[in-house]
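Chemist: Handing you a structure now.
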Amino acid sequence: AEKTLILTDGRNVSALAALVDALDGFSEQKRSIVYSAEEDRRDVDIARQGALLGEKFDRVVLCEVDEAGRRPKGEVIRILRSGMAESCRAREVLEIHDWSQAVDAAWNCLGRGELLVVQAASIARTVRKVQALMGLEPSELNVA
């Protein structure tokens with residue numbers, strides 16, 4: 001495959017741990033991810049997610065959850081970064097608060113034979129984004 005795209009809706013420590021375990025079954029060696037944590041998680045759980053991101057991915061693009069508002073802007077990203085502080089794998093960490101822009105940046109950085117995990121937004125928004133990345137026209141979506 002030229003590029004591998006995986007979509008996930010996991011937003012907690014156990015879901016992220018299961019995801020990275022599953023990635024061991026893929027042949028791609030270089031891994032990127034677009035990720036954010038839910039604002040209602042405990043700080044320690046957000047930091048643990050950051051640690052997993054740093055340990056298991058080469059490039060991490062941190063963004064904000066669309067329905068942000070419970071915490072000050074940027075706080076979830078700051079806690080994720082604190083968890084990544086001890087990481088030894090992630091060589092590149094980007095902060096792009098807007099999910100759509102974060103996905104575009106990660107996709108554009110992706111090289112041949114690399115894998116990208118994207119944490120989904122709403123289903124409709126995620127489908128539109130994947131169609132745009134693949135250059136597909138959503139012609140079938142307007143059928144009644």
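Chemist: So Ala85 fits all but one of (1) modelled with pLDDT of 95 or more; (2) surrounded by fewer than 15 Cβ atoms within 10 Å (Cβ to Cβ); what number is the exception?
Modeler: (1)
Chemist: Looking at this structure, is Ala17 touching a residue at least 24 places away in the same chain (Cβ under 8 Å), farther than 19 Å from Ser122 by Cβ and not β-branched (Val, Ile, Thr)?
Modeler: Here the answer is yes, as Ala17 does meet what is asked.
Chemist: Anything in the stretch 1-47 that is hydrophobic (A, V, I, L, M, F, W, C) and part of a helix (DSSP H, G or I)? List them, or say none. Walk me through how you get there before you give the answer.
Modeler: Taking the stretch 1-47 as the starting set, the residues that turn out to be hydrophobic (A, V, I, L, M, F, W, C) are 1, 5-7, 13, 15-20, 22-23, 26, 33-34, 37, 44, 46-47.
Correct list: Val13, Ala15, Leu16, Ala17, Ala18, Leu19, Val20, Ala22, Leu23, Val44, Ile46, Ala47.
Chemist: Sort out which residues of the stretch 78-106 are farther than 14 Å from Gln119 by Cβ and among the charged types (D, E, K, R), and write them in order of number.
Modeler: Selection gives Arg78, Arg81, Glu86, Arg89, Arg91, Glu92, Glu95, Asp104.
Chemist: Let me ask you something else. Quick check: is even one residue across the stretch 50-62 within 16 Å of Thr8 (Cα to Cα), outside any helix (DSSP H, G or I), touching a residue at least 12 places away in the same chain (Cβ under 8 Å) and touching a His at 6+ places or on another chain (Cβ under 9 Å)?
Modeler: Taking every residue of the stretch 50-62 in turn, at least one turns out to be within 16 Å of Thr8 (Cα to Cα), outside any helix (DSSP H, G or I), touching a residue at least 12 places away in the same chain (Cβ under 8 Å) and touching a His at 6+ places or on another chain (Cβ under 9 Å).
The values are calculated or read from the model by the stated rules, or taken from the named source; none is laboratory data. Keep in mind the model is a prediction, meaning the values are calculated, not measured. Note that we place each Cβ from the backbone using ideal geometry, even for glycine, and neighbour counts take in every protein chain shown.
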